[in-house]
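These notes are about the structure you will find just below.
The values are calculated or read from the model by the stated rules, or taken from the named source; none is laboratory data. Just so you know, these numbers come straight off a predicted model, no measurement behind them. Heads up, the Cβs are rebuilt from the backbone with ideal geometry, glycines too, and the neighbour counts pull from every protein chain shown. We work out accessible area using only protein heavy atoms, side chains counted, and drop any ligands, DNA or RNA first. Shrake-Rupley method; radii C 1.70, N 1.55, O 1.52, S 1.80 Å.
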Amino acid sequence: MTYDEHVVLVDGEGNPIGTAPKSTVHGVETPLHLAFSSYVFDRQARLLLSRRADHKITWPGEWTNSCCGHPLPGEPLESAVTRRLDYELGLRVDSVDLVLPRFSYKAVMDNGTMEHELCPVYRVIVSADAVPNAEEVGAVRWVPWKEFADEVMSGELAISPWAREQVPLLVELGPDPLTWPVADRAGLPPAAR
């Protein structure tokens, strides 16, 4: 992209309080901002795992959920999910469903770089394979959901800190990710409605 994307800054209640260039918000004093996480599944309930590109500022080379990103100011979160899945993984989606409307986290790398996001979580269903964009994604692999969740919950699988926090909450939604209940959009933070 040839311009500096802006992200939406939020207060502790999720109200929008401004915007900032994306290039300036991930450092040692990262302000709370709006983001999303998505978990992409095929019709067999296999999860698409992504390994972050080695040159990413935060958690380079780490395995994580399918795709994360930031909505542009005024962009609906579902549109941002679809846009980033197309850009990062070449995916066209069959459905995008909100499952965790109020997830937020703060995580700090050993070098002090921080993620600090209000980060609703989406389940996405696809019918095609991913075509990763090397600028964003180092590798992908499909894994059965139960196998993945069991490995995360037991600590066997090294995964990004946000995914480590999200997986137990997703497990609580039921054993079959294709039948997880869809959350009410009214539960989203004000900046995301």
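For the range 126-139, the candidate set comprises residues that are in contact with a helix residue (DSSP H, G or I) (Cβ under 7 Å, 6 or more places away or on another chain) and touching a residue at least 60 places away in the same chain (Cβ under 8 Å); within that set, the residue that is nearest to residue 91 (Cα to Cα) is 130.
When the range 124-160 is filtered for residues that are among the aliphatic types (A, V, I, L, M), open to solvent by 40 Å² or more (accessible area, probe 1.4 Å) and not in a strand (DSSP E or B), the ones remaining, listed by number, are 128, 131, 134, 153, 158. If you go through the range 5-26 and keep only what is touching a residue at least 40 places away in the same chain (Cβ under 8 Å) and either outside any loop (DSSP other than H, G, I, E, B) or open to solvent by 20 Å² or more (accessible area, probe 1.4 Å) (or both), you end up with 6, 7, 8, 10, 13, 15, 16, 19, 22, 26. Counting only strands (runs of 3 or more DSSP E) that fall entirely inside the range 35-123 and contain at least 2 residues that are open to solvent by 20 Å² or more (accessible area, probe 1.4 Å) and touching a Gly at 6+ places or on another chain (Cβ under 9 Å), the qualifying elements are 46-52.
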